[in-house]
Amino acid sequence: MSFPPSPRPPRGPRRRSLLASAAGAAVLVGCTGGPGSGEPGTDPSAAERVRARAARDSEDLAARYAAVIAAHPGLAERLGPLREEVVRHAEAFGAVRASSPTASGTASAASPSVSARAAGPADDSGAVPADEKGALALLVGAERRLADRRAGALLDAPGEVARLLASVAAAGAAHVFLLTEG
């Protein structure tokens, strides 16, 4: 039995478009140079500070994802790929990964610093909300704040680091959409 098409026009970008954008952002992340990528006229210590801060932020976000997945295992299939992308963002900024993560998103699969943070508080109050909707809202807020902070840091970041920040901020915005539209 086929259903008639919906009379409502689709609102916003289609999910495939956002996923393609996120995949493109991941490709851009993989194409960036490491710290001190040889850009003339940039202060290597400033670039390293921006990268270190961005790596810590991504590790903290990955820890939030791990905490939500641990508290709500039913969300693991939905959140696992997003968490994996956040871990790759941390690596792109210079974080070191101990082993390859599993689809379950457990803290043991993350880098040592992500593992240490995963056991820590998931939000300012120290707990993941008991309901899935609240837990997703926690992640949406964290993703949105981080994407906004990274977009604001673009003005002061050296060229290559700015491109990386822009790419990862765009991926974070796509994560917000995917978390709110599911």
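What do you reckon, is Val128 in contact with a Lys or Arg (Cβ under 7 Å, 6 or more places away or on another chain) and of a type outside the set (Lys, Arg)?
No: the conditions fail for Val128.
Would you check which residues across segment 125-148 are more than 13 Å from Leu75 (Cβ to Cβ), surrounded by fewer than 15 Cβ atoms within 10 Å (Cβ to Cβ) and not aliphatic (A, V, I, L, M) and list them?
Within segment 125-148, Ser125, Gly126, Gly141, Arg145, Asp148 meet the criteria.
Run Arg117 past the list (1) open to solvent by less than 60 Å² (accessible area, probe 1.4 Å); (2) in contact with an Asp or Glu (Cβ under 9 Å, 6 or more places away or on another chain); (3) at pLDDT below 95 and report the number of the one that doesn't hold.
Against the list (1) open to solvent by less than 60 Å² (accessible area, probe 1.4 Å); (2) in contact with an Asp or Glu (Cβ under 9 Å, 6 or more places away or on another chain); (3) at pLDDT below 95, Arg117 comes up short only on (1).
Residue-wise test of (1) at pLDDT 65 or above; (2) in a loop (DSSP other than H, G, I, E, B).
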position: Val29; (1), (2): no, no
position: Arg49; (1), (2): yes, no
position: Glu84; (1), (2): yes, no
position: Ala122; (1), (2): no, yes
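List, please: which pairs have Cβ atoms under 7 Å, are six or more places apart or on different chains, and start with a residue in segment 74-85 that is closer than 15 Å to Leu138 by Cα and end with one that is loosely packed, with under 15 Cβ neighbours inside 10 Å and of a type in the set (S, T, N, Q)?
Nothing qualifies.
Open to solvent by 30 Å² or more (accessible area, probe 1.4 Å), modelled with pLDDT of 95 or more and either out of contact with any Cys (no Cβ under 9 Å at 6 or more places or on another chain) or not hydrophobic (A, V, I, L, M, F, W, C) (or both), is that true of Pro13?
So Pro13 fails the test.
The values are calculated or read from the model by the stated rules, or taken from the named source; none is laboratory data. Values in this document were obtained by computation on a predicted structure and should not be read as measured data. For neighbour counting, all protein chains shown are included, and Cβ atoms are generated from backbone atoms with ideal geometry for every residue, glycine included. Heavy atoms of the whole protein, side chains included, go into the accessibility calculation; ligands, DNA and RNA do not. Shrake-Rupley method; radii C 1.70, N 1.55, O 1.52, S 1.80 Å.
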